[in-house]
């Protein structure tokens, strides 16, 4: 019997939940939110400060989606004013491990990807001018 890592790449899409994984990771704010929460439980304001550029609406949508998928937990404290904290669930923590590797890979290779994209844009622009 083959181990999953030995399966042909196209079989990934047949794994249970693979479409959900792809959809989650395609969201711009999923990885940064999980990465921020890997450092510890945070309130909404702390997350907004940690994630420069995220709007309140996008942060709320991302937090709700991650909570629905079981990757983060939302704790509401019965105080006035209400206090809400977010943290990773064990499943969210397990997702953070490969995401951390992906972030490391991006740090090592991101500039090269940007240069390749710029070359492609220049070639396309020259072709369009001809």
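Go through (1) surrounded by 11 or more Cβ atoms within 10 Å (Cβ to Cβ); (2) over 19 Å from residue 27 (Cα atoms); (3) at pLDDT 95 or above for residue 108 and report which single condition fails.
Residue 108 satisfies every listed condition except (1).
Looking only at helices (runs of 4 or more DSSP H) that lie completely in the stretch 9-91, which have at least 2 residues being touching a strand residue (DSSP E or B) at 6+ places or on another chain (Cβ under 8 Å) and buried (at least 18 other Cβ atoms within 10 Å of the Cβ)? First the steps, then the outcome.
Values: elements: 18-26, 30-37, 44-50, 56-68.
Where helices (runs of 4 or more DSSP H) fall fully within the stretch 9-91 and carry at least 2 residues being touching a strand residue (DSSP E or B) at 6+ places or on another chain (Cβ under 8 Å) and buried (at least 18 other Cβ atoms within 10 Å of the Cβ), they are 30-37, 56-68.
Exactly one of (1) out of contact with any strand residue (DSSP E or B) (no Cβ under 9 Å at 6 or more places or on another chain); (2) touching a residue at least 60 places away in the same chain (Cβ under 8 Å) is unmet by residue 113. Its number?
(2)
Taking the stated definitions as given, is residue 120 exposed (fewer than 15 other Cβ atoms within 10 Å of the Cβ) and at pLDDT 95 or above?
no
Which one of 88, 47, 66, 99 is more than 15 Å from residue 28 (Cβ to Cβ) and in contact with a helix residue (DSSP H, G or I) (Cβ under 7 Å, 6 or more places away or on another chain)?
Unique residue meeting the criteria: 88.
The values are calculated or read from the model by the stated rules, or taken from the named source; none is laboratory data. All of these numbers come straight from a predicted model, not from anything done at the bench. Reconstructed Cβ throughout: ideal geometry from the backbone, glycine too, with neighbour counts over all protein chains shown.
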